[in-house]
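In what follows, a structure is listed as structure tokens, so that the remarks can point back to it.
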Amino acid sequence: MANMAMAQAVLEHAHQFYDVGSWYVVAECWDVFSVLEELDQQEERTNTRFELDDGAISHFAQIIAIDPTLH
């Protein structure tokens with residue numbers, strides 16, 4: 001289940017890879033609460049829980065690959 005620690009891991013990843021791809025969009029435009037909200041909504045849409053930080057980070061990688069201006 002998505003939690004605050006996962007949301008923070010997504011943001012830490014975004015800051016670490018700021019200059020790679022479109023991670024700067026996540027780093028600059030999202031906060032921990034909006035990341036957590038997106039993770040919760042994705043869990044509801046798919047009926048699949050995020051068990052690991054890697055899954056949450058992967059979800060955001062897919063989002064920015066589809067629409068890098070998403071915020």
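Contact order, relative form, for the chain: 43 percent (alpha carbon pairs under 8 Å, 6 or more residues apart, mean separation divided by residue count). Using a simple spin-label model with pseudo-atoms 7 Å out from Cα toward Cβ, GLU51 and ASN3 lie 1.5 nm apart. The accessible surface of the chain, taken with every protein chain in place and a 1.4 Å probe, is 53 percent carbon and sulfur. Per-peptide packing, taken as the mean over residues of other Cβ atoms within 10 Å, places 40-46, 10-16 in the sequence 10-16, 40-46 from highest down. The per residue volume of the convex hull around the alpha-carbon atoms of the chain is 71 Å³.
Its DSSP H runs of at least 4 residues, each contributing -39,500 (n - 2.57), put the calculated 222 nm mean residue ellipticity of the chain at -21500 deg cm²/dmol, to the nearest 500.
In the full protein context, the chain carries 63 Å² of accessible surface per residue, based on a 1.4 Å probe and ignoring ligands, DNA and RNA.
The values are calculated or read from the model by the stated rules, or taken from the named source; none is laboratory data. Quick caveat: nothing in here was measured; it's all calculated off a predicted structure. Every residue, glycine among them, receives a Cβ derived from its backbone with ideal geometry; neighbour counts consider all protein chains shown. Heavy atoms of the whole protein, side chains included, go into the accessibility calculation; ligands, DNA and RNA do not. Shrake-Rupley method; radii C 1.70, N 1.55, O 1.52, S 1.80 Å.
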